[in-house]
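Single-structure report; data block below.
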């Protein structure tokens with residue numbers, strides 16, 4: 001196996017951050033020491049939380065922290081790239097803690113590969129998705145100025161080609177929570193989910209299994 005997979009279930013953002021940070025530091029330490037580290041992939045569902053990336057703007061939060069507290073939504077400043085986004089139940093949040101040099105892959109190629117993997121995943125459901133120039137993530141109808149809607153956000157951190165953070169893919173996500181923010185800093189783009197696009201809730205465990213299969217295809221065991 002090229003990586004160890006862990007289904008972390010439902011947990012707070014802080015718990016997810018602690019788990020991936022531990023794996024990230026362990027992989028970095030192994031790399032510094034010239035020993036073989038372990039690539040890991042975590043899937044989880046977060047309890048409702050808004051996260052703001054290191055380059056994000058607080059002005060993209062459209063409500064007060066008191067309002068968030070009333071709605072039971074946490075607020076967290078994260079050390080990833082990207083702006084503000086929402087995580088919550090019904091969303092597959094994925095944290096690949098990967099040494100990209102294992103696959104002889106650069107950072108730009110890695111983000112492109114993640115996007116391609118999600119595009120392939122959506123194609124399994126008959127949904128045509130793509131990229132939006134200048135905006136990481138996966139979009140539907142990206143070519144339509146008034147119709148573009150994001151279904152998967154991507155934001156990562158890396159050091160010495162070791163990655164953490166990752167992607168948030170909307171399956172059966174409560175999209176009303178995105179109305180509290182300018183998602184990823186955009187004021188003129190929409191947000192969608194697999195449920196909305198297909199008109200019915202989807203089998204969440206099946207979606208995770210399909211996504212994991214694609215990760216094993218796109219990030220295979222290296223042949224010596």
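For region 134-168, backbone nitrogen atoms closer than 14 Å to the point 7 Å from residue 109 Cα along Cα-to-C-beta are found at 161.
Remark: relative contact order (the chain) = 22 percent; criterion is Cα-Cα distance under 8 angstrom and separation of 6 or more residues. Exposure proxy ranking for 131, 222, based on other Cβ atoms within 10 angstrom of each Cβ and starting from the fewest, stands as 222, 131. Against the chain, whose longest principal axis is taken from its Cα atoms, helix 13-32 shows a tilt of about 30°.
Specify the angular offset, from 0 to 90 degrees and rounded to the nearest 10, of the alpha carbon long axis of helix 204-218 from the longest principal axis of the alpha carbons in the chain. Helix 204-218 sits roughly 40 degrees off the main axis of the chain. By the count of neighbouring beta-carbon atoms within 10 Å, fewest first, 1, 164, 105 end up ordered 1, 105, 164.
Entry for region 1-131 at q = 0.19, 0.22 Å⁻¹: log10 I(q)/I(0) = -1.28, -1.43, Debye formula applied to identical alpha-carbon scatterers, no solvent contribution. Descending by average beta-carbon neighbour count within 10 Å, the peptides 89-98, 45-54, 211-220, 170-179 line up as 89-98, 45-54, 170-179, 211-220, the highest first. Which FRET efficiency value, to the nearest 0.05, do you get for residue 206 and residue 79 by plugging their Cβ-Cβ distance into 1/(1 + (r/R0)^6) with R0 = 41 Å? The pair residue 206/residue 79 has a calculated efficiency of 0.80. A helix-only calculation puts the chain at -9000 deg cm²/dmol for mean residue ellipticity at 222 nm, using -39500 (n - 2.57) for each DSSP H run of at least four residues, averaged over all residues.
Spin-label pair residue 26-residue 141: with each label point 7 Å from Cα along the Cα-Cβ axis, the two points sit 4.5 nm from one another. Bridges between two residues of the chain, per DSSP, are antiparallel at a rate of about 70%. Taking Cα atoms only, the orientation of helix 107-123 departs from the longest principal axis of the chain by about 60 degrees. Global size of the chain: 16.9, 55 Å for Rg and Dmax (C-alpha atoms, Rg to one decimal, Dmax whole).
Averaged over residues, the count of other Cβ atoms within 10 Å places the peptides 29-35, 11-17 in the sequence 11-17, 29-35, highest first.
Values in this text are rule-based calculations from the coordinates and carry no lab data. The structure displayed is predicted, hence computed values, not measured ones. Using ideal geometry, Cβ is built from the backbone for each residue, glycine included, and neighbour counts are taken over all protein chains shown.
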